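The structure appears right after this line, and notes come after that.
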Amino acid sequence: MMNSRHLICFMGLLTGLAFTFAGFSQSSKKPIAGEGLTAELKMHEGRSTLFINGQPHDGIFCSTRPGYKQNFAEAGFDIFNILGGGHGWIADGVYDYLESDEYHMDNNIESFLAQKPDAKLILRLVFAYPRNFWWAVQNVDEQAVPKGRDLGRKMPSYASLKWREEAGEALRNIVLHLEEKYGNNIIGYLPGCGSCGEWFQWHAYTEITDRFTNGYQLGDYSKPMLKAYREYVKNKYKSIERVNAVYSTNLKSFDELEIPGVDQRLGATYGILRSVADEQALVDYYEIFNRQVYETLAHFAGIVKEATDRKKLVLVFYGYNWVEQPRGGVTQTRSGHVHLDEVISCPDVDYIVAPYEYSFRQLEGVISGQGVPGSVIRRGKQYLHELDGSTYLESCWPSDHHNPTNPEESGNLLRRDLTKALMEGASVWFMDLAGGMYDSPEMVEELRKTIEMGRKIYFKAGVNNRQVAVVLQSRDGFYYRENEALRAPLIHQFKQFELERMGLGYDDLMLENLKYLDPDETEQYKFWIFPSSVHFTDEELELIQEHCMRNGNYILWCYAPGVLSERGIDLERMEKISGFKCGHTMDPGELAVRTALSEHPILKGRNTPIIYGTYGELSPDHINYHSSLRHYPGSDVGFSVAPRFYIEEADEVLGHILDIEGYPGGLGIKDMGDWVSVYSAAPLVPKHILRNIAREAGCHVYTDFLGQTYQSRNFVGFFSHETGNCRIQLPYHSRILDVYNDRVVAEDADVIDISLNVNDAVLFRYEPVDP
């Protein structure tokens, strides 16, 4: 029997018109943004700030399904990101916003507005589900194609220009429909594609747990991607003769060029590292493969801005440059998130959104973003943390332990998470991903208290006074073999377990971001950290010399700084960059350093040596226990690293590699004149060593107590990972206010001594006392 929805669709197709159930025709393309609502980003109090109808907003939002909206309304939220509802594009020229099981956007909006007519909305328009998307099923030649493994999910290739055009026009029609009907409540749109709408390349990861034994999906080997690859190579090299010279091939035309195979991607010339000279074809493929995501994202963002007459915000999930979970399937190389510089520069993108790290985020853990808020905010855009952690009512995946058990513990996590974002000058939305995470009077009250505190200090906090900069490279992963496990301890877990707990805050910056900054703007940084940087261009080295190698700064290099050049493994170039004369072995093995018995200042705080790296005091089993999806190699799997590098000459060797014959140097220091170089051959440099280097560099360290510290000018926050007496040292004598409890702690002091229990969260505001 034909129901009303089928009848309307059928009649619309017969007449050549595709009407939605709100009576909107797809032929209308005139911007019809809600006349009474304009949302934009403008500079305010020295930071990029949301303005709604000319008034600044604190940037504290929520994200929920209709069934739990009341919890957030009662807590005091006024901006809602609606979960669920889809996009309504159900067939070629057919839109259903009301009735279908998969798409019911209008019903969701009506539900919110019936309860809170003045609600401001951010809508997700995501082309991600179902996993066999109807458009891809109908356009077989435009599907993304994996190799290595195929789970049979049919989704459009990002390289398909047909998809980009047709989906873009569908997006325009959807936005026009929503603006006409709800424009005076909508402040922004979050267009998305890829898994979870987060702009991942299809096949960026393989979700099912047998990936360790049965392999991964590696994309994209589709016809559109092959065409894009060939066009990119032709535009870059101009002639086939030049391609043959660079690629060491004997092609007769560009039509013979093929996408590098799975074996090439999972292998590398030098163990885990690629040859710059011999594997350029693969590096070029990674570039264009990732660029397809950015180009589609920018196209969609432009359509939203055009359809709303530039009166509404565009938010995008992007730039997860801290995420390295090779055994979990997500790795920088194939993520689609390489072009953060271009996305930040895109005039049609306002907010960069990312969840916070899933590993080590619960009780006794830390809050930190998967993206790079430092670079985003430095460039005048806004960064938004998606806070979807557990409460005592519901746990959020993949957390099966260390979850809060009562409202107080839940509230401490809420305050930890919000405070970190406030210190960065970032925005947040509290997300009820599991459904019912805040569905009790006690949790609503904890949420209300938390956002009330945040709103009081939002425009006072977030002024940057951080003195440590951690520098990432968008394309560093191109020069490792795909799925290389070492990148997890070098980047992802280094951040979670060590950087976040070193006793002071830091800024994370993409290396390419430095080209937009004047050296005066980076003079505040006294300690620079490069977790993984195996290849530098000459232009990148010039940026490092201009911003970092000066003023007596300390620079910490990990593993193999700049070791790859056109000459292969280039130890001379590594020495030129780091100052250390190093050797290497191609024998594979574990990579751990044992610190020396030394009185050197950067080893203070320990009476006995510590072992760190791919095993040691911070054990791989402990990391794996706290990692998302158990992706980290535990002791039963281990690491097999080659090449491994070691110190041959240094001013002082402060640690030795246990896994190479003769126990050569693995941690050292060298005075370079205008700056000081510290090199660690192993990953996961311990937090106490980071803290000591920061002190030697002249940074202000707030505490040695175990936990997470976050800071901005006149504010310091802390989340305790142990029980005991915590001392927080302030940079100057101050009047000190306990922000959470709104009480004065001291009228004139430069030290805060406080008794803390594990998982306590505290935040202090301190103002200098007049002399």
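The values are calculated or read from the model by the stated rules, or taken from the named source; none is laboratory data. Quick caveat: nothing in here was measured; it's all calculated off a predicted structure. Quick reminder, even Gly has a Cβ in these numbers, built from the backbone with ideal geometry, and neighbours come from all protein chains shown. SASA here: full protein model, heavy atoms, side chains in, ligands and nucleic acids out. Shrake-Rupley method; radii C 1.70, N 1.55, O 1.52, S 1.80 Å.
Is it the case that S640 is open to solvent by 20 Å² or more (accessible area, probe 1.4 Å), of a type in the set (S, T, N, Q), at pLDDT 95 or above and out of contact with any Asp or Glu (no Cβ under 6 Å at 6 or more places or on another chain)? It is true that S640 is open to solvent by 20 Å² or more (accessible area, probe 1.4 Å), of a type in the set (S, T, N, Q), at pLDDT 95 or above and out of contact with any Asp or Glu (no Cβ under 6 Å at 6 or more places or on another chain).
Selection of the range 614-660 for residues being out of contact with any helix residue (DSSP H, G or I) (no Cβ under 6 Å at 6 or more places or on another chain) and aromatic (F, W, Y) yields Y615, Y625, F639, F645, Y646.
Results for (1) within 24 Å of R172 (Cβ to Cβ); (2) out of contact with any Lys or Arg (no Cβ under 9 Å at 6 or more places or on another chain), shown as yes or no for each residue.
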position: N53; (1), (2): no, yes
position: I60; (1), (2): no, no
position: P66; (1), (2): no, yes
position: E74; (1), (2): no, no
position: I82; (1), (2): yes, no
position: H87; (1), (2): yes, no
position: I109; (1), (2): yes, no
position: F112; (1), (2): yes, no
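Going residue by residue through the range 422-434, is there one that turns out to be crowded, with 24+ Cβ neighbours inside 10 Å and without any contact (Cβ under 8 Å) to a residue 60 or more places away in the chain? So far as the range 422-434 goes, no, none of its residues is crowded, with 24+ Cβ neighbours inside 10 Å and without any contact (Cβ under 8 Å) to a residue 60 or more places away in the chain. Restricting the first member to the range 371-395 and to residues that are in a strand (DSSP E or B), and the second to residues that are open to solvent by 40 Å² or more (accessible area, probe 1.4 Å), the beta-carbon pairs closer than 9 Å and six or more apart or on different chains are Y383/I377; E386/L433. Hey, does the range 679-696 have a residue that's part of a loop (DSSP other than H, G, I, E, B), of a type outside the set (S, T, N, Q) and open to solvent by 40 Å² or more (accessible area, probe 1.4 Å)? So far as the range 679-696 goes, no, none of its residues is part of a loop (DSSP other than H, G, I, E, B), of a type outside the set (S, T, N, Q) and open to solvent by 40 Å² or more (accessible area, probe 1.4 Å). Within the range 541-554, residues that are more than 13 Å from Q524 (Cβ to Cβ) and in contact (Cβ under 8 Å) with a residue 12 or more places away in the chain sit with their Cβ atoms under 7 Å from residues that are part of a helix (DSSP H, G or I) and hydrophobic (A, V, I, L, M, F, W, C), at 6+ positions apart or across chains, in these pairs: L541/I577; L543/L511; L543/L514; Y554/I693; Y554/A697. Check the range 583-590 and report whether any residue there is touching a Leu at 6+ places or on another chain (Cβ under 6 Å) and at pLDDT 95 or above. No, there is no match, as no residue in the range 583-590 is touching a Leu at 6+ places or on another chain (Cβ under 6 Å) and at pLDDT 95 or above. Listed by first and then second residue, the pairs with beta-carbon distance under 7 Å, at least 6 apart or on different chains, first residue in the range 236-251 and closer than 19 Å to E566 by Cα, second among the polar types (S, T, N, Q), are V243/T249; N244/N250; V246/Q280; Y247/Q280. Of the residues V323, V246, V262, the single one that is on the phi < 0 side of the Ramachandran plot, among the aliphatic types (A, V, I, L, M) and open to solvent by less than 20 Å² (accessible area, probe 1.4 Å) is V323.
Restricting attention to the range 577-634, the residues that are open to solvent by 10 Å² or more (accessible area, probe 1.4 Å), of a type outside the set (A, V, I, L, M, F, W, C) and assigned to a loop (DSSP other than H, G, I, E, B) add up to 17. Cβ separations smaller than 6 Å between residues 6+ apart or across chains give the following pairs from the range 281-293 residues that are over 21 Å from L251 (Cα atoms) and touching a residue at least 40 places away in the same chain (Cβ under 8 Å) to residues that are surrounded by 23 or more Cβ atoms within 10 Å (Cβ to Cβ) and of a type outside the set (S, T, N, Q): N290/G336; N290/V338; Q292/Y158; Q292/A159; V293/Y158; V293/W199; V293/G336. When Y438, Y383, Y392 are checked against the criterion of being surrounded by fewer than 21 Cβ atoms within 10 Å (Cβ to Cβ) and at pLDDT 95 or above, Y392 stands alone in meeting it. Quickly run through the range 269-305 and pick out the residues that are outside any helix (DSSP H, G or I), open to solvent by 30 Å² or more (accessible area, probe 1.4 Å) and not polar (S, T, N, Q). If the condition is that a residue be outside any helix (DSSP H, G or I), open to solvent by 30 Å² or more (accessible area, probe 1.4 Å) and not polar (S, T, N, Q), then Y270, A277, D278 are the ones that fit.
So that you can scan it fast, the table gives a plain yes or no per residue for (1) touching a Ser or Thr at 6+ places or on another chain (Cβ under 9 Å); (2) at negative phi; (3) without any contact (Cβ under 8 Å) to a residue 24 or more places away in the chain; (4) of a type in the set (S, T, Y):
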| residue | (1), (2), (3), (4) |
| --- | --- |
| L597 | yes, yes, yes, no |
| P601 | no, yes, no, no |
| Y612 | yes, yes, no, yes |
| G616 | no, no, no, no |
| P620 | yes, yes, yes, no |
| I623 | yes, yes, no, no |
| H631 | yes, yes, no, no |
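Being over 25 Å from A354 (Cα atoms) and part of a helix (DSSP H, G or I) is a property that L176 has. Taking the condition without any contact (Cβ under 8 Å) to a residue 60 or more places away in the chain and of a type in the set (A, V, I, L, M, F, W, C), does A91 pass? No: the conditions fail for A91. For Y663, the conditions (1) part of a loop (DSSP other than H, G, I, E, B); (2) among the hydroxyl-bearing types (S, T, Y); (3) buried (at least 21 other Cβ atoms within 10 Å of the Cβ) are fulfilled apart from (3). Is it the case that the range 695-703 has a residue that's more than 30 Å from N406 (Cβ to Cβ) and in contact with a Gly (Cβ under 7 Å, 6 or more places away or on another chain)? Scanning the range 695-703, I find at least one residue that is more than 30 Å from N406 (Cβ to Cβ) and in contact with a Gly (Cβ under 7 Å, 6 or more places away or on another chain), so the answer is yes.
Among the residues of the range 211-228, those identified as in a helix (DSSP H, G or I) and either open to solvent by 70 Å² or more (accessible area, probe 1.4 Å) or closer than 22 Å to V330 by Cα (or both) are R211, F212, T213, N214, K223, M225, K227. Listed conditions (1) assigned to a loop (DSSP other than H, G, I, E, B); (2) closer than 24 Å to G59 by Cα are all met by P404, apart from (2). When E446 is tested against (1) open to solvent by 10 Å² or more (accessible area, probe 1.4 Å); (2) assigned to a loop (DSSP other than H, G, I, E, B), just one condition goes unmet, and that condition is (2). Selection within the range 338-355: residues that are touching a Ser or Thr at 6+ places or on another chain (Cβ under 8 Å) and buried (at least 21 other Cβ atoms within 10 Å of the Cβ). The member of this set that is farthest from F51 (Cα to Cα) is V338.
Each row is one residue, and each column tells you yes or no for (1) open to solvent by less than 10 Å² (accessible area, probe 1.4 Å); (2) in a helix (DSSP H, G or I); (3) at pLDDT below 95.
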site	(1), (2), (3)
R131	no, no, yes
R153	no, no, yes
Y158	yes, no, no
G168	yes, yes, no
C196	no, yes, yes
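Filtering the range 515-524 for residues that are closer than 30 Å to Y740 by Cβ and either without any contact (Cβ under 8 Å) to a residue 24 or more places away in the chain or not aromatic (F, W, Y) (or both) leaves a non-empty set. Highlighted here are the strands (runs of 3 or more DSSP E) found entirely within the range 1-87 that include at least 2 residues which are at pLDDT below 95, open to solvent by 10 Å² or more (accessible area, probe 1.4 Å) and not small (G, A, S): 39-44. Examine the range 738-745 for a residue that is on the phi < 0 side of the Ramachandran plot, touching a helix residue (DSSP H, G or I) at 6+ places or on another chain (Cβ under 9 Å) and at pLDDT 95 or above, and state whether such a residue exists. Yes - at least one qualifying residue is present in the range 738-745.
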